[in-house]
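First comes the structure, then the notes that go with it.
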Amino acid sequence: MTGVVEAGTVISLISGVISIIEATKTVYDAAKNAKGQPEAFRQVAARLPLVNEILHSAKERTETLDESARDALKPILESCKAKAENLENLFQRVVRKDDDKWYDRYKKAVGTLVKGGRVEHLMEEILKDVQVIACERLTGTATDTQMKELEEAIKEMNEMPPSLPDEAGSFIQTHSGSGDNIGHTGPGTMNLHKGSGDLYHNVISGGATFGSNPSQQVINNYIVPHNSSQQTDSQTRKYLKDLSTTDPLEDKTRIEQTKGGLLEDSYRWILEHSDFQQWRDDKQSRLLWIKGDPGKGKTMLLCGIVNEVSPLTKLKDEEAITLLSYFFCQATDKRINNATAVLRGLIYLLVNQQPSLVSHVQKKYDHGVERPFEGVNGWVALSTVFENILQDPSLKTTYLVIDALDECETDLPQLLKLVAESTSTFPRVKWIVSSRNKPDIEARLRLNNAQMILSLELNSEHVSRAVELFIDHKVSKLPLIMDDSALQKTVRGQLYTKAGGTFLWAALALKELEPVESWDVLDVLQEMPPELEPLYDRMLRQVQQLQRKDPEFCRLVLSAMTLAYRPLHLLEVGALSGLPGQISTNLDNIMRVVNKCGSFLTIRENRTYFVHQSAKDFLLGKAFDKVFPSGKSEVNYTMFSRSRDIMSSTLRRDIYGLHAPGFPIGSVKPPNPDPLSAARYSCVYWVDHLCDMKTGHDRIDLGNNGVVYIFLKEHFLHWMEALSLLRSTSVGILAMNKLKSFLTSQLFDLVQDAYRFILFNRWIIENYPLQIYASALVFSPTYCLIRELFKDDEPGWIITKPITESNWSACLQILEGHISPPSAVTSVVFSTDGTRLASASDKTVRLWSATTGTKLQTLWGHTTTVTSIAFSADGTRLASASNDNTVWLWNTITGKWLQTLKGHPDGSTLVAFSTDDTRFASAFNDDTIRLWDITTGEWLQILEGHIAEITSIAFSTDNIRLASASNDKTVRLWNATTGEWLQILKGHTAEVISIAFSTDSTQLVSASKDKTVRLWDALTGEQLQTLEGHTSGVISVAFSPDGTRLASASWDKTVRLWDAITKEYLQTIEGDTILSLTFESPCLNTEAVYSYRLQENNSWIAWNNDNILWLPPDYRSSHAMIKGHIFTTISSNRVIIINCKEEFNSCKR
């Protein structure tokens, strides 16, 4: 009965918290309009319903928990209840309807509370407790929307201005060495603590919590957020997982093993070198660049340095305050050959050692971006986080090490710029980097007195001695000459001479000598040429002289490895290289073939790597004709066709056995064994290999019924499901877009349709993999080619499908994200280069990728609704206007706020940049326009004249004129430099809503509620033409970039296209209005009665609380009536009828 009692206890705790929160809300509601109310109480009260919604859901799920889970939940609930009681106590003591002395009561209440603090702090901690419950203890309790609201609410509480000044509730603390620790909690109270033990009022291992702010603790002399340990640990793990495309610790170990192990004697010389010691000891020496030719041992030197430094840092000593982070680049591995990966790895190790630094990572997630470090803005986001970490006041001396800069193939200039700038900006940071002798690297590092070069060529004596020590060690381990000291001495001498101070040459030669009989050793050694490239040449000749078919098998493996986008698992080598079946499916056989490939390749943990980047360079350079006798296209064709075969035989519907149509990606765990393991590479890179066939692609039938068509016809949905499970949905978008540009055949139509299908359904596919067979199919256009091909995969429990559009509309994708509080999107604008899109709503601006629809940034700062946004012409800045009477300027690359411009007495409605980015204009509710200097942020002129609200402003392309439209039925033209009024354009009989200049600045077009579009001469102000045809007010108008067409949008639900030269009407674009759905389930369960419902803001149709069909935004309803099993929901101009069986059991189809 213990479990039953415990369940009752937990339910009672949840009920208690719910009651306290409801009582607190009741107290506030009774006096919410009272005079003098602190703003913090209003903001806290607004978040109380969210807490109770989630707790009610948690209460329903509690009985499903086992005893251990309930035990884990109990302390969190007790903590939450204590905070809720303190919050209610504050509201009870402070909130009054009959007077305005809130502040005095509040100050007194906070000062006398035994526990707790300001209302915003208490609320933040309650929200965090609820987040732990929803994320970890009762997963699924909160909807995705509620989770996002929780995150935003926590951020809002955290960033809220203090509701009381510090003297009312702060804690002043000083610490004298390891002795006295004195704290002052405000007027009238002082606690004196002597010794090194615990300090009032919380006992914390390694630190203490002070004063009225329980959201902070002091640890190791720096302040970090105080959360429940469960949440801190889980969030840190999540962020580290998102960062870790690879673990630098494991990379270092693998590289050492691949190179035959790290020999201490071979690197000790550098520790005694004056340049290294100066870098280590001199505070002004912040960068040491170790450079040298291939094979000189740069990587092993850095491994040795890391080993020597590690014991003095937190990597090996938890008590240390010094941090060490490092990264080893390898050009042959796409995961670790780019600047973004370097920063991921460096940040990963820094946060691992000092978890408080995770707060800088978390900020990127607080901005509402799901995967902030992926995509085109990954570098920008990571570099911002990295720089914030380096300037964190808690950071002490930090060593940063990057090996093989020359093998960073993507964004190396940006990485070098960051390294160079940080040496002068962050005095506590010391860098060691290595690379080949490359002038471009030296130029970009901008070496000065704080930056030093250690050239291995100028230290050849040290390097040669290190190579000799390496040879001595390895020769002593050669098994077949181990007992012949005289022969060992001769072998060592010849190796010394031929190696020429090159570690790689010695390592390759010694590897070749391992199986050689003692009587042949000197002969084999005599045949080995000195220097690296001749040695590679000899290795390749030996491969070509193997018996029977082995030379061809090796060529197949070497060519595939050379063109692969990352190191390959042995089974991937067998599958992709074109080896015959009896070899390609047997791990041991593949390993034998790889081992026959000279010493070009090495194997670690069943994964194949190049022994060195120079080996790959040799195969692509001097040995190209031997490795690629028919060119690279032939090998790419093999890798493409093999990838297609692998996917065709592996991919299937619901490959992970999730079953539930609404199974979220966050809860997916790959089964063991993972059925996708053999197809991972193929799923991600098959299109790349197809498109890499620069020539020879005519051998592939790219028409209808060709190999690509057949694959897409049979497995397109399975492939997209797999990409979703691999967290690579964006790969599908980019792949189809890349394939489109590659094709000229009839296949183009199918690929274009597939591209539209992914783009339109990206969000749901990315987050709920199996909805690709439900929502994505059901709500695609009737004549969507993908829908037609996969009609048998549509849910069988939907009898009558919804009426959708016949074909894809002009809408490529619906971008969702403005969720709290729900409100209309007020402004949307593209960057000039068309790569990004900005949208404004609620108090935020969001930046999106115009290619994939991925959310890039969320810009926070305004305190009320953002009404208008505009990109600068160069796309680097964005202006946002708000009803909070301010205009904000943002850096669109970093997402950072640049300036806040104040000057209007009333809310801002519109902003526009001049095309030369020197000025911008803003219109406000006081019927005026202000011109601003972008550089200084000062306003230049006030333009007055309109007598009603200004609805649109626009600069001419030549920046000479500014036009403004108003509800006073006029358009005004102004001198954009002086602010002088030029003309009033009259003619409209109702409010003018929108205006636009032609690209040559000679014409102006205006749209009005009078149902007309009017063209004007922008120089004289003369009306040129009136365009009629709309049956309701015209709300937007624009010229095409080439100036040949004009588009107008109206409340009559149409967009009309016009010839801008002849003024003739060209086309009308309309939309559908009514749709109908009928549902029935063939899968019955007669033992239980379930219920249907709409949930998560009416975005899902659910069965017994389990999501089964996602409704795209255009198909959602704002009202719903439920009667039995009949749903009638009404949206704007849409009616949706859902008829379900009384009993339903979720099934696949």
Some residue of the stretch 364-373 being of a type in the set (A, V, I, L, M) and either touching a Lys or Arg at 6+ places or on another chain (Cβ under 6 Å) or not assigned by TED's automatic domain parsing to the domain that holds L400 (or both): yes
Unmet criterion (only one of (1) modelled with pLDDT under 90; (2) more than 29 Å from L478 (Cα to Cα)) for L525: (2)
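What number of residues within the stretch 258-279 are assigned to a helix (DSSP H, G or I), out of contact with any strand residue (DSSP E or B) (no Cβ under 6 Å at 6 or more places or on another chain) and touching a residue at least 12 places away in the same chain (Cβ under 8 Å)?
Matching residues across the stretch 258-279 total 9.
Residues that are more than 21 Å from G706 (Cβ to Cβ), in contact with a helix residue (DSSP H, G or I) (Cβ under 9 Å, 6 or more places away or on another chain) and among the hydroxyl-bearing types (S, T, Y): does the stretch 730-753 have at least one?
Yes - at least one qualifying residue is present in the stretch 730-753.
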Count of residues meeting criterion [out of contact with any Pro (no Cβ under 9 Å at 6 or more places or on another chain) and either in contact (Cβ under 8 Å) with a residue 60 or more places away in the chain or basic (K, R) (or both)] in the stretch 856-899: 10
Residues of the stretch 843-857 that turn out to be polar (S, T, N, Q), touching a strand residue (DSSP E or B) at 6+ places or on another chain (Cβ under 7 Å) and surrounded by fewer than 21 Cβ atoms within 10 Å (Cβ to Cβ), as a count: 1
Neighbours by Cβ (under 7 Å, 6+ apart or cross-chain): first from the stretch 728-743, in the same structural domain as I758 (by TED's automatic domain parsing) and more than 24 Å from N767 (Cβ to Cβ); second of a type outside the set (A, V, I, L, M, F, W, C) and surrounded by fewer than 24 Cβ atoms within 10 Å (Cβ to Cβ): K740/Q752; K740/Y755
Filter result (within 24 Å of D916 (Cβ to Cβ) and of a type in the set (A, V, I, L, M)) within the stretch 976-1013: A976, L982, I995, A996, L1004, V1005
Residue check, S994 out of contact with any helix residue (DSSP H, G or I) (no Cβ under 8 Å at 6 or more places or on another chain), within 23 Å of V887 (Cβ to Cβ) and assigned to a strand (DSSP E or B): yes
Given (1) in a strand (DSSP E or B); (2) at pLDDT below 90, number of the condition L1004 does not satisfy: (2)
Residue that is surrounded by the most Cβ atoms within 10 Å (Cβ to Cβ) [pool: residues in the stretch 437-452 that are over 14 Å from L405 (Cα atoms) and of a type in the set (A, V, I, L, M)]: M452
Residue selected from the stretch 315-332 under the condition crowded, with 20+ Cβ neighbours inside 10 Å and assigned to a loop (DSSP other than H, G, I, E, B), by the criterion modelled with the lowest pLDDT: T332
Options L558, L546, L571: the member that is part of a helix (DSSP H, G or I) and surrounded by fewer than 24 Cβ atoms within 10 Å (Cβ to Cβ): L571
Unmet requirement for L535, which otherwise passes all of (1) touching a residue at least 60 places away in the same chain (Cβ under 8 Å); (2) in contact with a Phe, Trp or Tyr (Cβ under 7 Å, 6 or more places away or on another chain); (3) within 23 Å of L510 (Cα to Cα): (1)
Positions within the stretch 598-612 being modelled with pLDDT of 85 or more and hydroxyl-bearing (S, T, Y), in sequence order: T602, T608, Y609
Any hit, the stretch 608-618, residues being touching a residue at least 40 places away in the same chain (Cβ under 8 Å), more than 30 Å from P294 (Cα to Cα) and of a type in the set (S, T, N, Q): no
Selection status of S266, surrounded by 19 or more Cβ atoms within 10 Å (Cβ to Cβ), in the same structural domain as L390 (by TED's automatic domain parsing), among the small types (G, A, S) and more than 36 Å from the chain's Cα centre (by Cα): yes
Filter pass, L931 being under 22 Å from R836 (Cβ atoms) and either modelled with pLDDT under 90 or assigned by TED's automatic domain parsing to the domain that holds S849 (or both): no
Enumeration of residues in the stretch 303-353 that are in contact with an Asp or Glu (Cβ under 9 Å, 6 or more places away or on another chain), within 15 Å of I432 (Cβ to Cβ), among the hydroxyl-bearing types (S, T, Y) and in contact (Cβ under 8 Å) with a residue 60 or more places away in the chain: Y326
Filter result (polar (S, T, N, Q) and either in contact with a Lys or Arg (Cβ under 9 Å, 6 or more places away or on another chain) or at pLDDT 90 or above (or both)) within the stretch 338-363: N338, T340, N352, Q353, Q354
When residues of the stretch 512-522 are limited to those that are surrounded by 16 or more Cβ atoms within 10 Å (Cβ to Cβ) and within 49 Å of the chain's Cα centre (by Cα), the one modelled with the highest pLDDT: L513
Cβ-Cβ under 7 Å pairs, at least 6 apart or on other chains, the stretch 822-848 side over 22 Å from E149 (Cβ atoms), far side of a type in the set (F, W, Y) and modelled with pLDDT of 75 or more: V829/F871; S831/F871; T832/F871; R836/W848; L837/F830; L837/W848; A838/F871
Exclusive hit being within 22 Å of V731 (Cβ to Cβ) and of a type in the set (G, A, S), set A404, A339, A420: A339
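The values are calculated or read from the model by the stated rules, or taken from the named source; none is laboratory data. The structure displayed is predicted, hence computed values, not measured ones. Methodologically, a virtual Cβ is constructed for each residue, glycine included, from the backbone with ideal geometry; neighbour enumeration extends over all protein chains shown.
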